[in-house]
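Q: Attaching a single structure in structure tokens format; questions to follow.
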Amino acid sequence: MKMRLASFVIAALMLCGCGHVSDAGSKGTSAVESLSSAAEITSDVRSDESSQAVKAYIRPDMPMYLSQQQEVLERAGDRFYLLTNCRYPVYENTEVSYFPTGERFYEALLEELSKAEETIFLEYFIVRNGEMLDGILDILTEKIAAGVDVRLICDGFQQNDAFCEEMKSYGIDCRLYREPDRVSINERDHRKLAVIDGKVAFMGGANLADEYINVDSPYGRWKDAAILMRGDAVRSCTELFFEQWESGAELENCPEYLERSEPAVAEGFVMPYGESPYDGEDAAREIYLEIIDSAEDYLYITAPYLNIDDEVEDAICSAAERGVDVIVIVPGVPDKLYMELIARTHYERMVGAGVKLYRFKPGFIHSKVFVSDDHVATVGSVNLNSRSFYCDFECGAVLTNVPCIADIKADILDTLWECELITEDKIIPLTAGEEVRAAMMANLNGMM
């Protein structure tokens, strides 16, 4: 169940340190008809300063301007599709490229931005002035001068109005996402999404700030990951952006952009998906659990934060106990001390169950990646913590029998050369004070 916490609690603790399925080629009904049937909710906490109700868009089922081709679903299998309550289509004809570092992602992003002809839609949790943003702005200003429609959504807790106005001065249509009640620091937009011309989309863990490309990282070397999708699956990425743009107010314009996607000649199946604190669904968590529970040969995970509940911990440990080669890589240099304390509360059980737990010695590993048995993987913005599962807007993509799964597996195995295995004798017990703080913060969804 989605949870909310009032900001005064957080402040005090800071002081302490089903959608439709169609046959191939079906079009469904119009976007306007879809929008009229979509649910919207009004915050029950508080209206904004003008006393006007602030609404948040909820996807109750698959929008009518997206459709699931039955023939594709029959070949791909419906297990992940059903876990999203049939709200996110599974696609074929989508080429996927994997980038094992923020630097590689940045190079690819600049290249694709430079090719933009009509639209650039960006949605990022953190957008911060620096070398990375300067390189992006150089291209965006050129594209804006050429008539390209450039839009940017930033999280309103990470960025302020002055930053938004600065972006607007370049000609960027910039919006800040702020939770409807304007009180809590929950419901933050934690997505990392870029959609270019409706034909290419990026998802992953990297934001638009210098630490993600190791220009300025206070936590040692920063390791991240991202994917590029080219083909039919970009349709869902475009739709995800419009769900958040103006809180879904412009969804009726979405079909115009969806039609720009072009199928790619590629193997496998791709299902981009979103996570929202308002939709009553825990799609990301269920997808993670399905990958864990179905693993037979190996299960490799990279996780910057390990604030997991008993069910997720049981699933990971059970996989190792039934003989699956389970590898979990966590940071060697944490960016948040309290998250390190929470993670350490799980070490003894996991190591005792046979999970191979590794620290990334050079610094902080921020990638959120699952890969299993050479045929399934997911990459996105979703952390292994309750904030991502319940409190924030997130996005990711499930890849099934996609060729780049081999690249994801190779990246994790290569990363192990820079990691230290956490054995029982290397687990440092928490002090009594650390145990109290870890328990308190874990119960508060790891929000600080």
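The values are calculated or read from the model by the stated rules, or taken from the named source; none is laboratory data. Small disclaimer: the values here were computed from a predicted structure and weren't measured. We place every Cβ from the backbone using ideal geometry, glycine too, and count neighbours over all the protein chains shown. Quick note on the areas: whole protein, heavy atoms, side chains included, nothing else; ligands and nucleic acids left out. Shrake-Rupley method; radii C 1.70, N 1.55, O 1.52, S 1.80 Å.
Q: Please list, ordered by residue number, the helices (runs of 4 or more DSSP H) wholly in the range 330-448 having 1 or more residues that are at pLDDT 95 or above and buried (at least 19 other Cβ atoms within 10 Å of the Cβ).
A: 347-353, 405-415
Q: From (1) touching an Asp or Glu at 6+ places or on another chain (Cβ under 9 Å); (2) open to solvent by less than 20 Å² (accessible area, probe 1.4 Å); (3) hydroxyl-bearing (Ser, Thr, Tyr); (4) more than 22 Å from Ser114 (Cβ to Cβ), pick out the condition that doesn't hold for Tyr212.
A: (4) is the only condition that Tyr212 fails.
Q: Run down Tyr81, Tyr98 and say which single residue is within 20 Å of the chain's Cα centre (by Cα), more than 20 Å from Arg260 (Cβ to Cβ) and assigned to a helix (DSSP H, G or I).
A: Tyr81
Q: Just to verify a result, which residue in the range 225-244, among those that are of a type in the set (D, E, K, R) and under 19 Å from Glu112 (Cα atoms), is surrounded by the most Cβ atoms within 10 Å (Cβ to Cβ)?
A: This residue is Arg235.
Q: Here's another thing I want to ask about it. For the structure I just gave you, tell me whether Leu109 is out of contact with any helix residue (DSSP H, G or I) (no Cβ under 7 Å at 6 or more places or on another chain) and of a type in the set (A, V, I, L, M, F, W, C).
A: Taking the combined requirement at face value, the residue satisfies it.
Q: Kindly provide the set of residues from the range 252-301 that are in a loop (DSSP other than H, G, I, E, B), modelled with pLDDT of 95 or more and either over 27 Å from Thr119 (Cβ atoms) or of a type in the set (Asp, Glu) (or both), ordered by number.
A: Within the range 252-301, Glu267, Ala295, Glu296, Asp297 meet the criteria.
Q: Can we say Asn129 is surrounded by fewer than 20 Cβ atoms within 10 Å (Cβ to Cβ), over 30 Å from Ala410 (Cα atoms) and either of a type in the set (A, V, I, L, M) or touching a Cys at 6+ places or on another chain (Cβ under 7 Å) (or both)?
A: For Asn129, the condition - surrounded by fewer than 20 Cβ atoms within 10 Å (Cβ to Cβ), over 30 Å from Ala410 (Cα atoms) and either of a type in the set (A, V, I, L, M) or touching a Cys at 6+ places or on another chain (Cβ under 7 Å) (or both) - is not met.
Q: Determine, yes or no, whether Pro304 is part of a loop (DSSP other than H, G, I, E, B) and farther than 28 Å from Lys199 by Cα.
A: Yes: the conditions hold for Pro304.
Q: Using the structure shown, decide if Ser247 is within 17 Å of Arg128 (Cβ to Cβ), open to solvent by 20 Å² or more (accessible area, probe 1.4 Å) and small (Gly, Ala, Ser).
A: Details: within 17 Å of Arg128 (Cβ to Cβ): no; open to solvent by 20 Å² or more (accessible area, probe 1.4 Å): yes; small (Gly, Ala, Ser): yes.
Judged against the criteria, Ser247 is not a match.
Q: Which condition does Ile120 not pass, out of (1) touching a helix residue (DSSP H, G or I) at 6+ places or on another chain (Cβ under 7 Å); (2) open to solvent by 10 Å² or more (accessible area, probe 1.4 Å), if it passes all the others?
A: (2)
Q: Still on this structure, I have one more. Pairs needed: first member in the range 405-432, more than 13 Å from Ile327 (Cβ to Cβ); second member anywhere, open to solvent by 80 Å² or more (accessible area, probe 1.4 Å) and among the acidic types (Asp, Glu); C-beta distance under 7 Å; at least 6 residues apart or different chains.
A: Ile405/Asp374; Ile427/Glu348
Q: (1) modelled with pLDDT of 50 or more; (2) in a helix (DSSP H, G or I); (3) farther than 30 Å from Ile365 by Cα: which one isn't true of Ser34, the others all being true?
A: (1)
Q: Give the residues of the range 267-285 that are open to solvent by 10 Å² or more (accessible area, probe 1.4 Å), charged (D, E, K, R) and either more than 25 Å from Ile327 (Cα to Cα) or more than 14 Å from the chain's Cα centre (by Cα) (or both), sorted by residue number.
A: Once the filter is applied, which keeps residues that are open to solvent by 10 Å² or more (accessible area, probe 1.4 Å), charged (D, E, K, R) and either more than 25 Å from Ile327 (Cα to Cα) or more than 14 Å from the chain's Cα centre (by Cα) (or both), the range 267-285 yields Glu267, Asp279, Glu281.
Q: Same structure, new question: So which residues in the range 184-204 are of a type outside the set (Asp, Glu), more than 17 Å from Ile153 (Cβ to Cβ) and in a loop (DSSP other than H, G, I, E, B), if there are any at all?
A: Here is the first cut: in the range 184-204, the residues of a type outside the set (Asp, Glu) are 184-186, 188, 190-196, 198-204.
Filter once more, so that each one left must be more than 17 Å from Ile153 (Cβ to Cβ): 184-186, 199-200.
Listed by number, the residues that qualify are Ser184, Ile185, Asn186, Lys199.
Q: Considering each of Asp173, Asp134, Asp138, Asp189 in turn, give the residue that is open to solvent by less than 10 Å² (accessible area, probe 1.4 Å) and not hydrophobic (A, V, I, L, M, F, W, C). Quick ask: steps written out before the conclusion?
A: Working: Asp173 fails: open to solvent by less than 10 Å² (accessible area, probe 1.4 Å); Asp134 fails: open to solvent by less than 10 Å² (accessible area, probe 1.4 Å); Asp138 fails: open to solvent by less than 10 Å² (accessible area, probe 1.4 Å).
That would be Asp189, the only listed residue that is open to solvent by less than 10 Å² (accessible area, probe 1.4 Å) and not hydrophobic (A, V, I, L, M, F, W, C).
Q: Which one is farthest from the chain's Cα centre (by Cα), of the residues in the range 297-324 that are within 14 Å of Ile412 (Cβ to Cβ) and among the aliphatic types (A, V, I, L, M)?
A: Leu299
Q: Also, quick follow-up: If a residue has to be of a type in the set (A, V, I, L, M, F, W, C) and either part of a loop (DSSP other than H, G, I, E, B) or in contact with a His (Cβ under 8 Å, 6 or more places away or on another chain) (or both) to count, how many in the range 205-238 make the cut?
A: 6
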